[in-house]
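Below is one structure, written out as structure tokens; comments come after it.
The values are calculated or read from the model by the stated rules, or taken from the named source; none is laboratory data. Source: prediction; values computed, not measured. All Cβ positions, even for glycine, are placed from backbone atoms using ideal geometry, and neighbour counts span all protein chains on display. Quick note on the areas: whole protein, heavy atoms, side chains included, nothing else; ligands and nucleic acids left out. Shrake-Rupley method; radii C 1.70, N 1.55, O 1.52, S 1.80 Å.
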Amino acid sequence: MSEYSVNLTDTFTDALKKNCPSKIKGSFTGIVSSLRNIEDSELQKYLSSDVKAAGIELYTIPVEEQASYEFLAGKISSAFVLIYIGSSDEVRKWRTGHRIIWNSEIQELQISKTFRLEGIAPEPQAPKPEPTPAEVPAPAEATAEEPKSDLLKNLSDDELAKLGVPGDQFALVRSIDCLAALQKHEEFFADGVFERLRDIITESDTAENIIFEIRQSLVRDGDITSQISENPQARRHICSCNDPVIDAFFSSNDAENFDKWTAFLHPSQTKYVTRSFKGPFKLTGGAGTGKTVVALHRMKWLAGKYDKTNILYLTFTNELSDNISVLKKKVGCHSSRCENKKIDSLLINLGYRYDLLEKNTKILYEADKNRKEFMNEAMSREHFSLGKTASFLLDEYDQVILAGGIASEQDYFKARRTGRGSDRLTRLDKAEIWRVIEKYNEIKDNRNYVDHQELYALVTEKLEEVSDGMKPYQHVIVDEFQDLGNTELKFIRALVPKGENDIFLVGDPYQKIYSGTRINFSKCGIDIRGQSRQLKINYRTTDEIRDKAVSVVKTLRIDDGNDGVESLKGYFSVMHGDRPKYMFYRTEEEEYSHIVETMKELLASDDYRKWALCVTTPFRKAVQVITEALQNMGIEVDSDDRKQGNGIKPGKVYVKTMHEVKGLEFGAVLISGISSYKMGYSRNLGPEEQQQEAEMFRSLVYVALTRAVRFAEITGHGYKPYEGFEVYKE
């Protein structure tokens, strides 16, 4: 008798949730135990003669507790892989429609729709008719809009094999001359193979680079269990049943709430979870690419790698911080050394620790009206005559003086004012501004106020004086870094000593919805030259929703904080659905009536009943109005309680501002209030500020759209539709 390792696939967990009653779900522990020590003679009774499998032996084994149910297991050398589970008919139907391959060339489990293999004898006649395998359609012609390409045609047999393409599909691959043609055959390719071919034909990557990455990740150890557990290609679909997350999931019999991302990661994600970096590292990616998933798994990995170090997961908003508290538990990160904090809360705690704050000290946040009053008073006392407003001087103080760590008038004279527009200041202008700012500081100090940004500078200065061994943390993971400014980044740099895996930054610069300030990592002491990568595969939304969202921001020039620009080239989604519609109405009442009717339809649909649904709007005052409109029609609106560790719940309806939905996901999202009427920004702004606000609003719409998994709709009302969308006409 051999002892086998037992693993399961994401197709197995999907089938378990979809096909099986709770009694079957509860038998999982017994299934694993029986397979681990099964006698070879017993095993042979269940061997399948399935000709659609390659490199793997298939076994169809009955579930002891209920004989009408079976599970499909594959055996690769000394490792079992649970592939599917359901009633006997469901398992047979699924097997008929799928081909299963263990590709030892790249150590990857490949599952796709059935593709007719050439030179293979037909399957034995079954006792009763089986569904016939799908025929491969003829290659699609390139559209007029999409030029033909020879990139796949010119790949050699060796290159195709190293890309993971099965030998019987070489001819098909070489017949494909555009993305549309590749998409026609998508279901016949394993997802990893399809993605590699897509990246090549769209010129998002080269075959040479992709093959190099695959070869780098290969596990040289011939032991199959090592290959499954260590190779990112294998781990995409396979997870050990010994994994604590899997063990906790099945021991709770809570299959309905299992999130695949807690156990299965895409290879492009895994390599950033488990790779050591000499210093800071930045990981960007479009919405839904799994940046937070990578960050959470990395925190767990760091806790296992370093026995005695403190690890900080840092967020910008309360909403995201509360959500991370929930997700930490799901990913199985329970170490007391892993803290999750909102950056402002941490700042205040350290302010008290270092005696920079007293009990009665009041913090002046950027929008606090007292700031403008104090600055106007300073301007009056100093007889300021330069013609600049208090708002201008406050921005100069925040973005140039505090962000630049400027402590003297002479330093201010030499300071560069990057990002401050076309306003040029002479030396005399700066001298006059400096006098006013000194008076402003004197006024607020006398009244026991401290500026929010000033407190960052003060705490950072204290942290820089602390020895490496006394720093609060040794590793920090920063989520949504794009919403931070230079002052916050300098604070983060001072939190941890410089060294291996010190700072890990994740974010999407296209989702910059809070700060208009340009960031510069190198000036903040965060050297990411050569230490920056991008995720490109969207797992959350359909490609149609992703495409609509990208159309809103694709004209923006987004700075990468390192003397370059960001790009969404090669950003794709793995799912497909309907394209979002933009509905525009004359009145608010008509718009909200449509929202109520749409929500009723979604709630009545089996497709959406198990999802959380959301209506979101840029306007705080509209949240209450929409909530009342839904409640008046008998639709209950839930208020999520992430502070209590619960979060968004399936089957519930939420109404939130567009800022509040950041970091969340819903089965369907209705985006209300999108029109051309200044988009809610009624302040008197100069041309440059208006442009900045317009760009931030586009990013906000992009954020809202990409919260939707399967369905998104945009609505508005008023004088004129939003210029970024074409109004849908029935």
(message) Considering only C-alpha atoms, what is the centroid distance from the range 254-312 to the range 556-581, in Å?
(response) 21
(message) Using the Kirkwood radius over C-alpha pairs as Rh, can you work out the diffusion coefficient of the range 263-381 via Stokes-Einstein at 20 °C, viscosity 1.002 mPa s, in µm² per second?
(response) 124
(request) In Å and from the alpha-carbon atoms only, list the Rg and Dmax of the chain. (result) 28.6, 98
(request) Indicate the gyration tensor shape class of the range 309-366 (rounded, prolate or oblate), computed on the Cα atoms with a ≥ b ≥ c the square roots of the eigenvalues: a/c under 1.5 is rounded; otherwise a/b larger than b/c is prolate and the rest oblate. (result) oblate
(request) Keeping the other protein chains in place, figure out the carbon and sulfur percent of the accessible area of the chain, with a 1.4 Å probe. (result) 47
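Only bridges with both residues in the chain count here: give the DSSP antiparallel percent, nearest 5. Could the numbers behind the result be given before it?
Values: 27 of 80 bridges.
Rounded to the nearest five, the antiparallel share is 35 percent.
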(request) Take peptides 396-404, 467-475 and line them up by average Cβ neighbours within 10 Å, highest first, as a rough protection proxy. (result) 396-404, 467-475
(message) Quick check: net charge around N209, other residues with Cβ under 15 Å of its Cβ, Lys/Arg +1 and Asp/Glu -1?
(response) +1
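Counting only heavy atoms of the protein chains, get the accessible area per residue of the range 688-730 (1.4 Å probe) and round it to a whole Å² value. Walk me through the numbers on the way to the answer.
Working: 2190 Å² over 43 residues.
That works out to 51 Å² per residue.
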(request) Express the accessible area of the range 28-91 per residue in Å², computed with a 1.4 Å probe while the remaining protein chains stay in the model. (result) 41
(request) Determine which lysines satisfy two conditions relative to K369: a Cα distance under 19 Å, and not lying fewer than 8 residues away in the same chain. (result) K388, K439, K444
(request) State the three equivalent ellipsoid semi-axes of the range 187-324, derived from the C-alpha gyration tensor as the square roots of 5 times its eigenvalues, in descending order and whole Å. (result) 26, 21, 18
(message) Amide H of S532 versus every other amide H placed in the peptide plane: which residues, excluding those fewer than 5 positions away on the same chain, fall under 5 Å?
(response) K282
(request) Would you give the gap between the C-alpha center of the range 43-59 and the C-alpha center of the range 714-730, rounded to a whole Å? (result) 56
(request) Report, to the nearest 10°, how far helix 88-97 tilts away from the longest principal axis of the Cα atoms in the chain, using its own Cα long axis and a range of 0 to 90°. (result) 80
